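Here's the structure we're looking at; comments come further down.
Please treat every number below as a calculation from the coordinates, not as lab data. It should be emphasised that the depicted structure is a prediction, and the values quoted were computed from it without experimental measurement. Methodologically, a virtual Cβ is constructed for each residue, glycine included, from the backbone with ideal geometry; neighbour enumeration extends over all protein chains shown.
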Amino acid sequence: MSSPDRAVRGRRSPESGVGDLEPRTGPVMTWAASSLTGQRFCRFGLSLADQGFSVGAMFLVNVVLARTQSKQDYGAFVLSYSIFTFVSGLHNAAVLEPYTIYGAGRYRERFPAYLQLMLRGNLAFGVALSSMLFLACAFLRWSHPAVPLRALLGLALTVGIILTGSFLRRSYYVQQKPGKAAMASLTFFATVAFSVWVVARIHRLDGFSVFPILGIGWMVAGAGWFRQLLRNPAQGRLLDAVPQFWREHWTYARWVLATSFVFQFMHQGYYWLVAGFLSVKEVGDLKAMYLLIAPVEQVTIASSFLVLPVLTGRYAARNFEGFLSLWKLYALCLVGITLLFALAIRLVGARAMHVLYAGKFDGLAPLLFLLALVPLLTALGASFSDAIRAAERPRLVFYAYVGSAIATFGGGIPLVIHWGLRGAVYGMSFSAAVYSCLLALAFWLWVPRQPGRPWLEGYRRGDSFASAERG
């Protein structure tokens with residue numbers, strides 16, 4: 001090791017998942033800070049690449065289907081894919097989010113054993129979902145023979161594999177290895193892109209074939225990871241050391257699970273409102289527009305994957321000053337990025353839509369900028385949500401989604417009925433604004449800034465941080 005390296009070598013801050021350096025000497029402090037900033041930008045770039053590749057595969061499938069199928073058929077596919085969105089929300093609630101919070105927080109010292117226990121839980125959850133979807137296919141075939149079931153059958157066959165791909169990526173983030181997550185997603189994207197090209201060339205790309213293609217992509221991407229797990233089994237069983245593990249897991253997961261149900265009304269619910277009050281064709285129109293907005297949402301998600309474990313670590317270590325400073329920077333970045341994106345859509349959105357869809361959806365261009373305001377309205381709320389979840393208070397996020405769902409029904413339905421597709425865009429903005437406002441209120445009232453000092457009066461009556469309610 002060179003002398004400059006020895007001079008700046010310090011200890012890693014225990015609460016930080018990004019390896020914060022604490023330099024021992026003054027002259028190299030600027031260099032260390034610069035190095036740390038570079039590391040963080042590198043991690044963010046890798047996280048963004050990971051999210052881009054993983055979601056880009058589905059973006060590619062959507063574009064190919066939107067260009068080659070009728071608007072009616074594409075709208076039907078969008079509705080079938082919303083079922084997968086709902087299922088993946090359940091998986092996130094029951095498995096991924098508790099895994100992220102506890103893996104980066106209270107079980108970070110026992111992570112190998114925790115990983116293998118949660119992987120078994122993930123596989124069991126996938127099998128259960130697949131079985132329920134097969135039963136749903138059988139029931140619909142018996143009760144409504146005319147309903148097309150090919151897409152649902154494809155989802156039932158591969159849902160466990162696709163969700164395990166999400167578990168793979170999240171494992172890398174919990175361990176602060178976004179580079180490996182990006183490499184796995186790149187492998188997934190390349191496999192899916194090649195498979196889509198082959199299947200489209202033989203004219204077999206439809207709602208059924210999409211899901212096996214995604215499953216094959218994650219099988220290829222995760223092969224090396226599974227081999228490594230088999231070669232390096234964890235020493236000891238977590239349940240022997242923490243017999244109350246599943247009870248703690250459920251205490252957290254129950255609120256996230258409830259949230260996953262009401263979340264659908266904030267975003268996916270508008271597709272069903274448009275289908276019910278307008279037509280399936282206009283569902284395709286709304287999805288085609290939102291595909292152009294989706295990239296900035298992936299930036300937000302990529303940022304969350306990277307920041308949430310660090311926020312969790314700082315909060316668990318009672319580093320409230322570091323927790324709050326990181327949240328402020330995170331919120332500022334999200335708002336800035338989404339604002340710049342909305343302005344870019346204003347300038348070049350119509351041209352991008354024309355090129356992407358070969359002029360098929362040009363009439364929707366005037367609504368694009370209005371739709372681009374939705375991620376801007378949710379950006380600040382997303383930062384509040386991550387901070388609240390890091391503090392292990394998921395029920396507050398649930399309440400915010402309930403408020404958004406009420407806004408969808410109370411305001412979204414009249415807007416869709418009165419203004420049609422434009423009303424759906426107005427309604428999505430309204431629901432997003434309600435969501436962010438409620439999360440801001442919850443954050444400032446309930447999340448402590450220092451041990452034993454939350455703002456809400458009920459927590460001031462002798463409760464310490466350790467005894468504060470976590471549910």
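Rounded to two decimals, the Cα radius of gyration of the stretch 121-180 over 2.2 N^0.38 Å is 1.48.
Sorting Met353, Met219 by the number of Cβ atoms found within 10 Å of their own Cβ, with the fewest placed first, yields Met219, Met353.
Here the ratio of the Cα radius of gyration of the stretch 47-86 to 2.2 N^0.38 Å is 1.31. In this simple spin-label model, placing a label point 7 Å from the Cα along the Cα-to-Cβ direction at both Ala146 and Ile417 gives a separation of 2.7 nm. For the listed peptides 383-389, 281-287, a ranking on the average number of other beta carbons within 10 Å per residue, highest first, reads 383-389, 281-287.
Global size of the stretch 286-341: 14.1, 45 Å for Rg and Dmax (C-alpha atoms, Rg to one decimal, Dmax whole).
Estimated at 0.36 nm per residue, the fully extended path between Ala223 and Glu248 surpasses their Cα-Cα distance by 5.9 nm. Using alpha-carbon pairs under 8 Å, 6+ residues apart, how would you state the relative contact order of the stretch 264-471 in percent? 25 percent.
Grab the beta carbon distance between Ile83 and Leu123, set R0 = 22 Å, and tell me the FRET efficiency rounded to 0.05. Step by step, r from the Cβ atoms, then E = 0.55. Expressed per residue, the C-alpha convex hull volume of the stretch 41-243 stands at 130 Å³.
Here is the tail figure for the stretch 134-267: Cα pairs spaced more than 24 Å apart come to 53 percent of all pairs.
Each residue, Arg67 and Phe409, gets one label point 7 Å from its Cα in the Cβ direction; the gap between the two is 4.2 nm. Modelled spin-label separation between Leu329 and Lys177, with each label point placed 7 Å from Cα along the Cα-to-Cβ direction: 2.5 nm.
Let's test the formula: R0 of 60 Å, r as the Cβ-Cβ distance of Ala138 and Phe41. What FRET efficiency results, to the nearest 0.05? The value I calculate is 0.70.
By the count of other C-beta atoms within 10 Å, a proxy for reagent exposure, Asp240, Asp50 are ordered fewest to most as Asp240, Asp50.
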